[in-house]
1. Taking a quarter of the surface of the convex hull around the Cα atoms of the range 1-123, what do you get in nm²?
2. How high is the relative contact order of the chain, in percent, counting Cα pairs under 8 Å that sit 6 or more residues apart?
3. So if we plug the beta-carbon distance of residue 66 and residue 35 into 1/(1 + (r/R0)^6) with R0 = 22 Å, what FRET efficiency do we get, rounded to 0.05?
4. What does the charge add up to near residue 113, with Lys and Arg as +1, Asp and Glu as -1, over the other residues with Cβ less than 12 Å from its Cβ?
5. May I ask you to give the solvent-accessible area per residue for the chain, in square angstrom, as obtained with a 1.4 angstrom probe?
6. Ignoring ligands, DNA and RNA, what percent of the accessible area of the chain is carbon or sulfur (1.4 Å)?
7. Please state the charge dipole magnitude for the chain, taken about the Cα centre, from unit charges on C-beta atoms (+1 on K and R, -1 on D and E), reported in debye and rounded to the nearest 20.
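The values are calculated or read from the model by the stated rules, or taken from the named source; none is laboratory data. Source: prediction; values computed, not measured. A quick note on method: Cβ atoms are made from the backbone with ideal geometry, for glycine too, and the neighbour counts reach across all protein chains shown. Note: accessible area is taken over every heavy atom of the protein model, side chains too, but ligands, DNA and RNA are not part of it. Shrake-Rupley method; radii C 1.70, N 1.55, O 1.52, S 1.80 Å.
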Amino acid sequence: MASTAELKAAVTNSLESSGTLQQLRAQVRADIYQSLESPQEAALPLSRDNLVINELLREYLQFNGYRNTLSVLLPEARQPQTAPFDRQLLAEMLGITEDSNSFKVPLLYALVAQHKQNAQGKAQVAE
């Protein structure tokens, strides 16, 4: 018969390999954060810029499958559970013109690509 330590190790390994342990840890972190948050902090509204940045992060985390990180980010950032902007509005707000390829990836990637193009253009003008 297996010892208690062996059983504990087997259960831990099983939970880790299925991803359940990571989800539980993330949920505990989110719950702890929410319980420690003071009522005054919770009353402060998010600025529009923070909402936009958080939505970019939400889309990026969802795209890459970082569900545990997202489960901590949303309550910690006081971000609504339902996205306050749709992708099209977010792209318009950021001045991103989308094409058939850009729809396949988060808007954060488009911002990085746009920044790289601008930097390369400036470097070529400087030469």
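1. Values: hull surface 48.3 nm².
That works out to 12.1 nm², a quarter of the Cα hull's surface.
2. Relative contact order comes out at 25 percent.
3. The value I calculate is 0.45.
4. -1
5. 73
6. Working: 5200 of 9290 Å².
That fraction is 56 percent.
7. Details: 11 positive and 14 negative charges, 38 e Å.
My answer is approximately 180 debye.
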